[in-house]
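These notes are about the structure you will find just below.
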Amino acid sequence: MDIKSYMNEMKGLVDKALEEYLPEDAEIPEPLKSSMRYSLFAGGKRLRPALAIAASDAAGGRRENALPFAAALEMIHTYTLIHDDLPSLDDDDLRRGKKTNHKVFGEAMAILAGDALQTYAFQLMTDRSKVDVPAEIILQASHELAVAIGAEGTVAGQVVDLESEGKSIDAETMEYIHARKTGKLIKASIRGGALLGGSGGEELEAMAAFGEGIGLAFQIIDDILDIEGTDEALGKDAGSDLEKGKATYPSIFGIEKSREIASGLVESSIAKLSLLGERAEPLREIARYFLSRTY
Ligand code: GRG
């Protein structure tokens, strides 16, 4: 399978769904709508929605039942990026190759656009008119996602990251940060897609374990790219981890060892999918793609 064309197909599918769910003529006041759409359509890779759709496919589900959830994941991910870039957090000027949201719309609107994208995501994924899935499955996927991105998840990771800036932290604390800032949303994307696709039992647990491993691998590669990449290639401010004195895999283990760790994690995660057949091939290929990505 050609992973590049698969990812392009996923991007097309997700972009179309996002246009449908948050259209230009949505009844949202300006400039909030433009601010939300600006970052949402600024050109992200759509990795989390692709993982959710691939997990639903692996479970034998229907794509239309996974699409609102997949689009919601991208809204949530985009909200975290908008807020992370704010002057009071990372204070970044560039994201997805464009000026950051607050640089274009001002700080207040960027905060509100992030808030609105987050709540819109839950509005969308709990809209029963959009999918043909039992209510308890929608409830479970939404609840798990809320836990993953909230005070025990993404926000917890962000807080510990913030508190650790400029301090020397151990590998355990760094893993705590990575698992929450990045890993939990990736794992919840896969679990949610699998649940909506009708998965349960051992199969669901296998996909969840896969998600945990590749979530960490994704962040390790991101840390490496922050050192090796350029602003132009990454579409964001490269080298910011070093500048802010952040502890990362490369800063603790070096680049070569970090690559080895990421590669080992991808292989062990793929091995966890052994009970799933051919239908899980896209999930395996996305995991391998994580290692080779350059932005
Ligand atoms: C503000 C609550 C709050 C949390 C922010 C997720 C996060 C925490 C901050 C984003 C900054 C960051 C470097 C997070 C790590 C996750 C990550 C690697 C994001 C970039 O994801 P990609 O590469 O980006 O999928 P695109 O633009 O392709 O969607």
Residue identified as assigned to a helix (DSSP H, G or I), within 16 Å of the ligand (Cβ to nearest atom) and out of contact with any Cys (no Cβ under 6 Å at 6 or more places or on another chain) among 118, 123, 140: 118
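Please report, ordered by residue number, the helices (runs of 4 or more DSSP H) entirely within segment 181-250 with at least 2 residues that are more than 20 Å from residue 286 (Cβ to Cβ) and of a type outside the set (Ser, Thr, Tyr).
Values: elements: 184-196, 201-228, 231-234, 240-243.
Qualifying helices (runs of 4 or more DSSP H): 201-228, 231-234, 240-243.
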Residue match in segment 263-276 (condition: within 12 Å of the ligand (Cβ to nearest atom) and either β-branched (Val, Ile, Thr) or at pLDDT below 90 (or both)): no
Flag for residue 132 being in contact with a Lys or Arg (Cβ under 7 Å, 6 or more places away or on another chain), farther than 19 Å from residue 180 by Cβ and of a type outside the set (A, V, I, L, M, F, W, C): no
Checking residue 151 against (1) closer than 28 Å to residue 279 by Cα; (2) surrounded by fewer than 17 Cβ atoms within 10 Å (Cβ to Cβ); (3) not acidic (Asp, Glu), the condition it does not meet: (1)
Matching option when the condition is under 20 Å from residue 124 (Cα atoms), near the ligand (Cβ under 10 Å from one of its atoms) and modelled with pLDDT of 95 or more, among 145, 185: 185
Close pairs (9 angstrom Cβ cut-off, 6 or more residues apart or separate chains): over 13 Å from residue 251 (Cα atoms) in segment 216-235, within 12 Å of the ligand (Cβ to nearest atom) and of a type in the set (Asp, Glu) anywhere: 231/237; 234/226
Residue identified as among the β-branched types (Val, Ile, Thr) and farther than 14 Å from residue 184 by Cβ among 138, 149: 138
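The values are calculated or read from the model by the stated rules, or taken from the named source; none is laboratory data. Bear in mind that the values here come from a model prediction, so they are computed numbers and not experimental data. Virtual Cβ from ideal backbone geometry, glycine too; neighbours counted across all protein chains shown.
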